[in-house]
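As structure tokens, the structure follows; a few thoughts come after it.
The values are calculated or read from the model by the stated rules, or taken from the named source; none is laboratory data. If you're wondering where the values come from, they're calculated on a predicted model, not measured in any experiment. Using ideal geometry, Cβ is built from the backbone for each residue, glycine included, and neighbour counts are taken over all protein chains shown. Protein only, heavy atoms only, side chains kept; ligands, DNA and RNA dropped before computing areas. Shrake-Rupley method; radii C 1.70, N 1.55, O 1.52, S 1.80 Å.
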Amino acid sequence: LPEWSALVEELGLTGMARALAMQCSWQAQEGDAVTLRLDPAHASLRNQQLEQRIQQALARRMGRSVTLRLRVAAADEGGDATPAARVEQARQQRQQAAEEAIRSDPAVTEMQQRFDAEVLPNSIQPAD
């Protein structure tokens with residue numbers, strides 16, 4: 001099986017089932033049992049119907065019956081990041097790159113020096 005972040009995309013989940021899956025990390029697979037970890041901060045997303053939707057999507061993807069176990073627990077030291085955490089980390093990296101590009105742009109520097117201009121905080125957005 002692919003990494004959990006990629007697998008979540010392949011499962012075709014939507015709505016709250018996708019939101020729940022995005023807040024989980026892969027823990028283990030033993031036979032037909034799949035264990036996912038859900039951070040306690042997102043435990044309110046959990047309900048039986050959503051878990052069944054994830055379980056059914058996993059079963060379709062794996063081509064066999066699957067039992068889903070959702071364990072509410074804090075991330076282990078160095079544990080896998082959730083897909084949602086990876087998306088946020090990538091967003092922050094794009095934001096930092098955009099801010100650095102503006103700070104190092106000679107045209108921006110010229111306007112700041114010539115017109116006493118300043119770049120407004122939070123006004124920089126990545127192009128994507």
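What order, most packed first, do the peptides 84-97, 52-65, 10-23 have when packing is the mean number of other Cβ atoms within 10 Å of each residue?
On the way: 84-97: 13.0, 52-65: 15.4, 10-23: 16.9.
Listed from highest to lowest mean packing, they are 10-23, 52-65, 84-97.
Convert 25 °C to kelvin, take the viscosity as 0.890 mPa s, use the Kirkwood radius over C-alpha pairs of the chain as Rh, and evaluate the Stokes-Einstein diffusion coefficient in µm²/s, rounded to a whole number. The partial results should precede the final answer.
Values: Rh = 17.2 Å.
It comes out at roughly 143 µm²/s.
Starting from the Cα of D32, step 7 Å toward the Cβ, then list every residue of the range 54-72 with an amide N under 16 Å from that point.
Only 55-69 pass the distance filter.
Roughly speaking, to the nearest percent, how much of the range 76-128's 1.4 Å accessible area is carbon and sulfur? Numbers along the way, then the final one.
On the way: 2130 of 4310 Å².
Here it works out to 49 percent.
Give me the distance in nm between label points sitting 7 Å out from Cα along the Cα-to-Cβ direction at Q92 and E3, one decimal.
It is 1.7 nm.
Pull up the DSSP beta bridges for the chain and report the antiparallel fraction as a percent, rounded to 5. If you can, show how the numbers build up before the last one.
Details: 6 of 12 bridges.
Of the beta bridges lying entirely in the chain, close to 50 percent run antiparallel.
Could you calculate the FRET efficiency of S123 with A75 from 1/(1 + (r/R0)^6), where r is the beta carbon distance between them and R0 is 41 Å, rounded to 0.05?
On the way: r = 34 Å, r/R0 = 0.82.
It comes to 0.75.
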